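J.: The structure that follows is given in the form of structure tokens.
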Amino acid sequence: MKMDANQQRLIFCINSGRAGSNYLAELLGTAREVISFHEADPNMAGKYLHSLHKCSYAETRGERRIKSEAIKKILKSFSRDQVYCETNHMFIKTFFDVIIEDFEYVEVIILRRQLALVLKSFIELNYFTNKNEIWPDWMSSPNAQTAAIRCISQDEKLDQYDLCIAYLIDIEARIGRFRREYPWIKTHDVRLEALNDYKNVERLFDDLLITSTKKTKKITGRIVNVRHQRKREFNNKAQVRYCRERIDLYLTKAKSMGMQLPNTLALDPYT
């Protein structure tokens, strides 16, 4: 039996990028009821992100509604019990608001990975430098008009480490803002590291009311999208210890400036 698009269950993911969203998409896609996407077209990067550096969400809502319309077209082929899942990290930056407005049954997975490891990956992929031409279409400026927390300085006055850290802290601040603005939306917090354990995967699936299969257990813990080749090309090695030091320095400076920092940052290794 078919249902109206706004009556279908949809699950999205808030994450920073380089936090395991591709792996999560594959895991969710093994569930009996789920049709899973990592970054379904339109991926909402590029021009949609650029417009939100200077304009508010309200000013650009009409243009960004293209994402809702695209999902509605996909849902036309869905049956009553199928669930749409998308783990796109652009959700929290470029299209969360139109989704909440246009669909009734939305849940959100908040996916975190140890912050120093995410920072290490950002540095090694040359995000927030002119050596990587792709990142500006995917990563928002920490000084964007739509940012959820102010930055310690303007972009041009910060080095790569501080720009990456400021971006990552802003993503966490956006999570807090999302929860305050949409308290009725059910959210599920999970660490990437936890999803290497099948028991934790089962727990997440139970919370989401989706059914695991034999394939779920088979791919649990499998490394996905590590981008080793791209990192080798850049040859910009980073050390986890130094990443932790830089995060601590940024947080100390931000606190000295009176900033109210999120208390949910994944600063410690998962245990």
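The values are calculated or read from the model by the stated rules, or taken from the named source; none is laboratory data. All values reported here derive from a predicted model rather than from experimental measurement. Cβ atoms come from the backbone with ideal geometry, glycine included; neighbour counts cover every protein chain shown.
J.: Suppose we filter LEU111, LEU117 for residues that are part of a helix (DSSP H, G or I) and either touching a helix residue (DSSP H, G or I) at 6+ places or on another chain (Cβ under 6 Å) or closer than 21 Å to ALA166 by Cβ (or both); which single one remains?
T.: Only one candidate passes the filter, namely LEU117.
J.: Let me ask something else. Which condition breaks for ALA45 when tested against (1) under 20 Å from CYS164 (Cβ atoms); (2) assigned to a helix (DSSP H, G or I); (3) in contact with a helix residue (DSSP H, G or I) (Cβ under 8 Å, 6 or more places away or on another chain)?
T.: ALA45 satisfies every listed condition except (2).
J.: On to the next question. Here is a list of conditions, (1) modelled with pLDDT of 95 or more; (2) surrounded by 18 or more Cβ atoms within 10 Å (Cβ to Cβ), and ALA5 meets all of them except one; can you say which number that is?
T.: (1)
J.: Within the stretch 187-226, can you find the residues that are part of a helix (DSSP H, G or I), hydroxyl-bearing (Ser, Thr, Tyr) and touching a Phe, Trp or Tyr at 6+ places or on another chain (Cβ under 8 Å)? Quick ask: steps written out before the conclusion?
T.: Within the stretch 187-226, the first condition is being part of a helix (DSSP H, G or I), and the residues that meet it are 192-196, 198-208, 214-219.
From what is left, the residues that are hydroxyl-bearing (Ser, Thr, Tyr) are 198, 216.
Listed by number, the list holds a single entry, THR216.
J.: Looking at CYS85, CYS55 in this structure, which one is under 27 Å from ILE134 (Cβ atoms), surrounded by fewer than 16 Cβ atoms within 10 Å (Cβ to Cβ) and touching a residue at least 40 places away in the same chain (Cβ under 8 Å)?
T.: CYS55
J.: For the structure I just gave you, tell me whether ILE11 is in contact with a Pro (Cβ under 9 Å, 6 or more places away or on another chain) and modelled with pLDDT of 95 or more.
T.: no
J.: Also, quick follow-up: Go through (1) surrounded by fewer than 21 Cβ atoms within 10 Å (Cβ to Cβ); (2) assigned to a loop (DSSP other than H, G, I, E, B); (3) touching a helix residue (DSSP H, G or I) at 6+ places or on another chain (Cβ under 6 Å); (4) of a type in the set (Gly, Ala, Ser) one by one and return the number of the condition SER68 breaks.
T.: Unmet for SER68, out of (1) surrounded by fewer than 21 Cβ atoms within 10 Å (Cβ to Cβ); (2) assigned to a loop (DSSP other than H, G, I, E, B); (3) touching a helix residue (DSSP H, G or I) at 6+ places or on another chain (Cβ under 6 Å); (4) of a type in the set (Gly, Ala, Ser): (2).
J.: Is it the case, given these coordinates, that ASN126 is modelled with pLDDT of 95 or more and touching a Cys at 6+ places or on another chain (Cβ under 8 Å)? First the steps, then the outcome.
T.: Details: modelled with pLDDT of 95 or more: yes; touching a Cys at 6+ places or on another chain (Cβ under 8 Å): no.
The answer is no for ASN126.
J.: Looking at the stretch 22-40, I want the residues that are part of a helix (DSSP H, G or I) and have a partner that is at pLDDT 95 or above and of a type in the set (D, E, K, R) with Cβ atoms under 9 Å, at least 6 apart or on another chain. Which pairs are those?
T.: Here the result reads ASN22/GLU39; ALA25/GLU39; ALA25/GLU86; GLY29/LYS215, each pair linking the stretch 22-40 to a residue that is at pLDDT 95 or above and of a type in the set (D, E, K, R).
J.: Continuing with this model, one more query. Contact list please: Cβ distance under 6 Å, first residue in the stretch 106-120 and surrounded by fewer than 23 Cβ atoms within 10 Å (Cβ to Cβ), second residue assigned to a strand (DSSP E or B) and basic (Lys, Arg), pairs at least six apart or on different chains.
T.: So the pair list comes out as GLU107/LYS186.
J.: Looking at ALA148, is it assigned to a loop (DSSP other than H, G, I, E, B), in contact with a His (Cβ under 8 Å, 6 or more places away or on another chain) and closer than 19 Å to LEU49 by Cβ?
T.: Criteria not met by ALA148.
J.: Please pick out the residue among SER153, SER79, SER140 that is surrounded by 20 or more Cβ atoms within 10 Å (Cβ to Cβ) and either in contact with a strand residue (DSSP E or B) (Cβ under 9 Å, 6 or more places away or on another chain) or of a type outside the set (Val, Ile, Thr) (or both). Walk me through it before giving the result.
T.: On the way: SER153 fails: surrounded by 20 or more Cβ atoms within 10 Å (Cβ to Cβ); SER79 fails: surrounded by 20 or more Cβ atoms within 10 Å (Cβ to Cβ).
Residue meeting the stated conditions: SER140.
J.: Please enumerate the residues belonging to the stretch 88-102 that are of a type in the set (Val, Ile, Thr) and either touching a helix residue (DSSP H, G or I) at 6+ places or on another chain (Cβ under 6 Å) or crowded, with 24+ Cβ neighbours inside 10 Å (or both). I'd like the intermediate steps shown before the answer.
T.: First, pick out the residues of the stretch 88-102 that are of a type in the set (Val, Ile, Thr): 92, 94, 98-100.
Residues satisfying the conditions are ILE92, THR94, VAL98.
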